[in-house]
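The values are calculated or read from the model by the stated rules, or taken from the named source; none is laboratory data. Here the structure is a predicted model, which means the values were calculated and not measured. Methodologically, a virtual Cβ is constructed for each residue, glycine included, from the backbone with ideal geometry; neighbour enumeration extends over all protein chains shown. To get the accessible areas, we keep the full protein, side chains included, count just its heavy atoms, and leave off ligands, DNA and RNA. Shrake-Rupley method; radii C 1.70, N 1.55, O 1.52, S 1.80 Å.
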Amino acid sequence: MAASVFDCIQMGPPIEVFALTKAYNEDSYDKKVNLGVGAYRTDEGKPWVLPVVRRTEMQVAANEALNHEYLPVLGNEQFTKAAVELLLGEDSPAIKEKRAFGCQTLSGTGALRVGAELLARLMGRTTYYVSSPTWENHHKVFTYSGFTQSKTYRYWDPVLRGINFEGMMADLEAAPEGSVIVLHACAHNPTGCDPTQEQWKQIADVCESRKLFPFFDSAYQGFASGDPIKDAFAVRYFVSRGFELICSQSFAKNFGLYSERVGNLTFVLNSTAKMPPVMSQVSLLIRGMYSNPPAYGSRVVGTILTDPNLRAEWMSCIKTMSSRIIQVRKLLYDNLVALKTPGSWKHIIEQIGMFSYTGLNEEQSVRLVEEFHIYMLKSGRISMCGLNEKNVEYVAKSIHTVVTEKK
């Protein structure tokens with residue numbers, strides 16, 4: 001066989017979360033549990049299409065005035081305007097003063113990539129900081145976008161099983177001026193631990209004093225607590241302090257639109273005069289990546305967010321999802337306490353959002369996969385959505401076993 005021009009390409013490592021899902025799907029064990037995938041599941045373990053989304057899909061499909069022409073490069077304006085208002089608040093001075101805008105992206109990942117490309121390739125930023133730990137894809141997105149210096153700030157304290165706030169502040173204080181600081185707006189992934197409002201104010205203080213550029217990642221607004229306003233506190237506070245910033249937004253979790261890749265990238269600038277050049281350069285970046293965003297998902301989200309009745313129903317849906325997650329957190333905690341599993345497990349009910357950083361080590365996590373068919377990341381992170389009343393007792397007993405018994 002002739003040599004291939006692709007001979008230099010080596011097999012890449014598997015993406016852990018997708019490999020786990022594949023292994024779970026191929027497993028015939030009747031008690032298997034998938035705690036890896038970051039997607040909402042009902043108490044029956046099924047995906048949930050939000051009723052308001054289903055009806056709006058039908059409404060969009062039946063609209064004969066719509067066609068399949070290209071959207072503008074920056075996307076569906078009804079959607080981007082509504083997304084910015086959801087994040088910043090309709091009465092935000094940044095919106096009223098016309099120094100904030102959004103562009104539609106390929107979900108939150110696409111928003112991160114567009115923002116990172118702008119910062120690295122057009123604004124000359126070289127250094128980005130992410131929390132330790134963070135969503136594993138952050139590193140790929142920022143490195144592939146042209147950043148040459150990857151740094152971390154301390155975040156998770158394995159002893160406290162909470163935020164190492166002193167370490168975080170010390171690392172931000174030591175960051176070079178102009179560094180891009182990636183901050184999770186709410187429901188930190190993977191730890192589920194968020195700063196308090198007072199701590200957010202201190203983070204803003206150090207970002208201001210050190211001239212650090214905040215890049216927020218908002219993947220769970222509304223989905224985390226059931227209240228979009230509460231989940232937007234950090235971003236809105238930074239804006240109120242006069243920061244220029246970028247925020248990626250995903251509508252996968254809070255609308256259940258995982259496959260539609262609906263995202264927005266919000267820019268907050270310090271003057272209206274900066275808007276045209278920034279918008280023009282963002283347009284050119286998108287043109288060189290994927291040219292135009294898809295229409296369908298943004299039409300669904302835009303329609304719901306701009307119709308008072310549909311929006312109210314959506315708010316009820318996110319309350320349902322967030323409440324179920326809070327409920328299964330308590331169920332897991334109660335079962336571990338009842339079993340007298342060694343250690344404190346209070347962090348499970350103190351964390352917020354889809355994920356929990358359990359504090360289990362790699363050996364214990366691997367045992368849960370290999371011996372008990374409980375599929376989870378090696379880091380000990382679990383997706384709370386995979387738990388329900390039928391399997392939580394089994395999961396708790398399995399955790400108790402790996403914590404108390406040596407292999």
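One table, with the values for the structure above:
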| read-out | value |
| --- | --- |
| First in the stretch 110-136 and farther than 16 Å from Val278 by Cα, second anywhere and assigned to a loop (DSSP other than H, G, I, E, B) and among the aliphatic types (A, V, I, L, M), Cβ under 7 Å, 6 or more apart | Tyr129/Ala175 |
| Glu64 vs. criteria closer than 15 Å to Thr266 by Cβ, among the acidic types (Asp, Glu) and modelled with pLDDT under 95 | no |
| Members of the stretch 232-275 found to be under 20 Å from the mean Cα position of the chain (by Cα) and part of a loop (DSSP other than H, G, I, E, B), listed by number | Ala232, Phe251, Ala252, Lys253, Asn254, Phe255, Gly256, Leu257, Arg261 |
| Matching residues in the stretch 110-126 - criterion: being within 25 Å of Tyr237 (Cβ to Cβ), in contact with a Gly (Cβ under 9 Å, 6 or more places away or on another chain) and not aliphatic (A, V, I, L, M) | Arg125 |
| Within the stretch 365-379, considering residues that are more than 25 Å from the chain's Cα centre (by Cα) and part of a helix (DSSP H, G or I), the one surrounded by the most Cβ atoms within 10 Å (Cβ to Cβ) | Leu368 |
| Residue in the stretch 88-97 that is open to solvent by 30 Å² or more (accessible area, probe 1.4 Å), of a type in the set (Gly, Ala, Ser) and on the phi < 0 side of the Ramachandran plot present | no |
| The stretch 206-263, residues that are touching a residue at least 40 places away in the same chain (Cβ under 8 Å) and of a type in the set (A, V, I, L, M) | Leu212, Ala219, Ala224, Ile229, Ala232, Ala234, Val235, Val239, Ile246, Ala252, Leu257, Val262 |
| From Val159, Val114, Val141, Val180, residue being open to solvent by 60 Å² or more (accessible area, probe 1.4 Å) and more than 24 Å from Lys230 (Cβ to Cβ) | Val159 |
| Unique match (being in contact with a helix residue (DSSP H, G or I) (Cβ under 7 Å, 6 or more places away or on another chain), aliphatic (A, V, I, L, M) and either within 22 Å of Thr42 (Cα to Cα) or surrounded by fewer than 16 Cβ atoms within 10 Å (Cβ to Cβ) (or both)) among Ile348, Ile352, Ile286 | Ile348 |
| Residues satisfying the stated conditions in the stretch 380-393, i.e. surrounded by 17 or more Cβ atoms within 10 Å (Cβ to Cβ), assigned to a helix (DSSP H, G or I) and not aliphatic (A, V, I, L, M) | Cys385, Gly386 |
| Evaluation of Phe101 against (1) open to solvent by less than 70 Å² (accessible area, probe 1.4 Å); (2) part of a helix (DSSP H, G or I) (one fails), failing number | (2) |
| Among the residues listed as Tyr258, Tyr220, the single one being in contact with an Asp or Glu (Cβ under 9 Å, 6 or more places away or on another chain) and at pLDDT below 95 | Tyr220 |
| Tabulated pairs, the stretch 299-314, first under 15 Å from Leu257 (Cβ atoms), second open to solvent by 60 Å² or more (accessible area, probe 1.4 Å) and outside any helix (DSSP H, G or I), C-beta under 9 angstrom, 6+ apart or interchain | Arg299/Asn63; Arg299/Leu66 |
| Some residue of the stretch 33-42 being open to solvent by 70 Å² or more (accessible area, probe 1.4 Å) and either in a loop (DSSP other than H, G, I, E, B) or not β-branched (Val, Ile, Thr) (or both) | no |
| Tally, over the stretch 49-61, of residues that are open to solvent by 70 Å² or more (accessible area, probe 1.4 Å) and either more than 16 Å from Asn309 (Cβ to Cβ) or among the hydrophobic types (A, V, I, L, M, F, W, C) (or both) | 2 |
| Pick from the stretch 207-231, criterion acidic (Asp, Glu) and crowded, with 19+ Cβ neighbours inside 10 Å, ranking: farthest from the chain's Cα centre (by Cα) | Asp231 |
